[in-house]
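The values are calculated or read from the model by the stated rules, or taken from the named source; none is laboratory data. For clarity, every value in this text was computed on a predicted model and none was experimentally measured. As a convention, Cβ positions derive from the backbone with ideal geometry for all residues, glycine included, and neighbour counts pool all protein chains shown. Side chains are part of the model used for accessible areas, which takes the heavy atoms of the whole protein and leaves out ligands, DNA and RNA. Shrake-Rupley method; radii C 1.70, N 1.55, O 1.52, S 1.80 Å.
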Amino acid sequence: MERIVLGYDGSAASASALSWVADRAAREVAKVGVVNVVSQFVSDRRAALDQLSEAEAFLRERAPGVGVELHRLEGAVTDVLTGFATEADLLVMGINPGHPIRAAMAGAMPLRVSAHSHVPVVMVPSEWTDIGDPITVGIADDDGSDVALAFAAREADEAEGSIRLVHAWLMPTPAFSGATALMVTPEDVMTEHRATLDRAVGWIAQRYPTVSVESELVRDSRTAALLRFAPRSSMLVIGTNHRGLLAGSLLGSVAEGVLWHAECPVAVVPRDRELISRLTED
């Protein structure tokens, strides 16, 4: 049984996240912990009870048989959600895309959560609708995306869907030896990056032979390459080593570049040893 923690505050974004969780729980048996983080004000506490009750009713109607637990907790949102989700399989929350500056001023809470979480975090944009297209996952040059690939492949397999692998590349800066530039051709570079993509395709074919796979080699930045396919994806999956997601910062991470512009849910998957073992076990 999958254990999902949903951050819910009654906003339009959290309502989209609630709908996403309900669809998922209707597909497979799940236990959902709905968490509302409240302040010390009595009015907030009362509103939280109403919001939690509404969320429970929605889940039970859309996903009969789902296990639901309601939690009204106090504290900093980031600490409360990531701490509560430590033993979960997935942490889900809503996000309002298109407002990175506003989010930075507010502390960029979704990014803070994904930076500190040791379980995959799925951020669902407000007004999201499921278009049923492939799950898209970014493939890195090194092993930094291995766990993201494993997560995306399992998601596609369990949903009986398909997966799209996207690997971005750019020409490297010419190296110099003495006065001579050591040049490489675009064809040489593209061949090297194609091999990286082909290895990922082979990994899925070996472990999930029934999952349909398509691959895209894109000459562009990682962020631009992923956003190119966002409108045609049911989810974007990105791996992270918990580096670059600085609290309140909009720099240094593909996740930060993608999150505020994607039109579909974005899953940020940490490179955690226990998670890697669980996702790649036979």
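Taking the numbered list (1) modelled with pLDDT of 90 or more; (2) over 22 Å from Val147 (Cβ atoms); (3) more than 17 Å from the chain's Cα centre (by Cα) in turn, Gly75 passes all entries but (1).
Pairing residues of region 183-211 that are in contact (Cβ under 8 Å) with a residue 12 or more places away in the chain and closer than 12 Å to Ala150 by Cα with residues that are surrounded by 15 or more Cβ atoms within 10 Å (Cβ to Cβ) and of a type in the set (Asp, Glu), at Cβ distances under 7 Å and at least 6 apart in sequence or on separate chains, gives Tyr208/Asp157.
It is to be established whether one or more residues within region 130-140 are surrounded by 13 or more Cβ atoms within 10 Å (Cβ to Cβ), at pLDDT below 90, farther than 20 Å from Leu6 by Cβ and not charged (D, E, K, R). The answer is yes; a qualifying residue exists. Assessment of region 6-19 against the conditions (at pLDDT below 90, open to solvent by 80 Å² or more (accessible area, probe 1.4 Å) and of a type outside the set (Gly, Ala, Ser)) yields no matching residue.
For region 228-281, a tally of residues being modelled with pLDDT under 85 and β-branched (Val, Ile, Thr) returns 4.
Among residues that are in contact (Cβ under 8 Å) with a residue 12 or more places away in the chain, closer than 13 Å to Gly94 by Cα and of a type in the set (S, T, N, Q), Ser53 is not included. Against the condition touching a residue at least 24 places away in the same chain (Cβ under 8 Å) and under 17 Å from Pro265 (Cα atoms), how does Val147 come out, does it pass? Criteria not met by Val147.
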